[in-house]
Amino acid sequence: MALNRSTYIKHLRGELSIRAIRRRIVVDYVVMIHGQSGGTYGWRRIRAELLDEYEMIVNRKLIKAVMREQRIAGVPRIKIFRNPLADK
């Protein structure tokens, strides 16, 4: 197998890439925000919270993937159906 020596050494040492470190930080924040919301926030609100409160720009796909991995989900809105004829 053709593998650079430096890559092999990094693998042995267990050094994390910048992407892996950032992902771990995002996981911590997503779990924290979801917990603070009482388990109600979905990916849209979590993304807005990350941007507003923590000034972190995170892709929706990453947030969705993290939520899937952590097995957390937001609570869907209750849809209210009204009969337009009942008002008459």
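Okay, here's what the table says:
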read-out: Residues that are surrounded by fewer than 12 Cβ atoms within 10 Å (Cβ to Cβ) and touching a Phe, Trp or Tyr at 6+ places or on another chain (Cβ under 9 Å), drawn from segment 42-60; value: 60
read-out: Tally of residues being of a type in the set (Val, Ile, Thr) and in contact with a Ser or Thr (Cβ under 9 Å, 6 or more places away or on another chain) across segment 31-66; value: 1
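Where a number appears in this text, it was derived from the coordinates with a stated rule and is not lab data. Please read all numbers here as calculations on a predicted model, not as lab measurements. Cβ sites come from the backbone with ideal geometry, for glycine too, and all protein chains shown count toward neighbours.
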